[in-house]
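The values are calculated or read from the model by the stated rules, or taken from the named source; none is laboratory data. What you see is a predicted model, and the numbers here were worked out from it, not measured in a lab. Note: ideal-geometry Cβ built from the backbone for every residue, glycine included; neighbour counts use all protein chains shown.
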């Protein structure tokens, strides 16, 4: 008889302490102001995952509360810090649809920043351009146009960027920067150092590795040349020794390395041109290049059907 009574007392004590612990960890769910303040507090402390949970709890319990747009905006900022780009955009767009005009403007700026950071500069430029048309924006219109032009620079849409820059009035604070940027856009791009993709591929077709040397990748050029030479030598040696099977294997591998070297040289030339553009964009526009736009093709890439080698 003693054991069931002790067990029941233990369970009751555990439930009591668990209930107290839950009450100590989170505010009362029936108090929206306290719940939102608690979420802000967690975000300020850097406890982003718990803050996200509290913002979502607030929006789930009080979707029509007057502070719901503020919660959506803060939730987007939290997800932005977590690099959850899709979730941040969802929150910012919700804030834009529910907020007052001034809070909606802040949400649009944040959505544009998120799109740029996630590698979608054309979409960011579109939002900023729409924002520039907002009558509530006032004196910030020129700033929105300049930011939109810089986003278009990241997307390499030079002509659209010029159009947005020309919309900035000379009386605006950003007019001088816009004018200087416009001059650079009209004079610099044709003179950027470039490598011809067709020429790089053609050189590698004539002499394996020559295309990489043309692009400025001597080690890749040496690797490509030596490997092609080794497979070709192995194939010739196998024929002389009468080993047709090994000769076929060496020839198949040599064909893969040879064709892959041509493609790799063309890719290296394309990467070189993209890198020159990225450096120029950073120099003239101080544009943070998005991660998705910074594709790196470093190294030599060779492909045969279903296979790929990379050094």
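Condition check: in contact (Cβ under 8 Å) with a residue 24 or more places away in the chain and either under 22 Å from the mean Cα position of the chain (by Cα) or closer than 27 Å to residue 86 by Cβ (or both). Does residue 167 satisfy that? Answer is no for this residue. Of the residues that make up segment 221-236, is at least one touching a residue at least 40 places away in the same chain (Cβ under 8 Å) and in a helix (DSSP H, G or I)? Yes, segment 221-236 contains a residue that is touching a residue at least 40 places away in the same chain (Cβ under 8 Å) and in a helix (DSSP H, G or I).
Working only within segment 233-253, note down all residues that are closer than 24 Å to residue 200 by Cα and modelled with pLDDT under 80. Those that are closer than 24 Å to residue 200 by Cα and modelled with pLDDT under 80: 251, 253.
Within segment 119-167, the residues that satisfy the criterion of being surrounded by fewer than 20 Cβ atoms within 10 Å (Cβ to Cβ) and part of a loop (DSSP other than H, G, I, E, B) are 119, 133, 134, 135, 136, 137, 156, 157, 167.
Output yes when any residue across segment 152-164 is assigned by TED's automatic domain parsing to the domain that holds residue 43 and modelled with pLDDT of 85 or more, and no when none is. No.
On inspection, residue 208 passes the criterion of being assigned by TED's automatic domain parsing to the domain that holds residue 251 and buried (at least 21 other Cβ atoms within 10 Å of the Cβ).
Given the condition under 17 Å from the mean Cα position of the chain (by Cα) and within 28 Å of residue 48 (Cβ to Cβ), answer yes or no: does some residue in segment 128-149 qualify? The answer is no, given that none of the residues of segment 128-149 is under 17 Å from the mean Cα position of the chain (by Cα) and within 28 Å of residue 48 (Cβ to Cβ).
For beta carbons closer than 6 Å, sequence separation of 6+ or different chains, a first residue in segment 249-265 that is in the same structural domain as residue 227 (by TED's automatic domain parsing) and outside any helix (DSSP H, G or I) and a second that is crowded, with 20+ Cβ neighbours inside 10 Å and modelled with pLDDT of 80 or more, there are no qualifying pairs. If you go through segment 37-85 and keep only what is within 22 Å of residue 116 (Cβ to Cβ), without any contact (Cβ under 8 Å) to a residue 24 or more places away in the chain and assigned to a helix (DSSP H, G or I), you end up with just 75.
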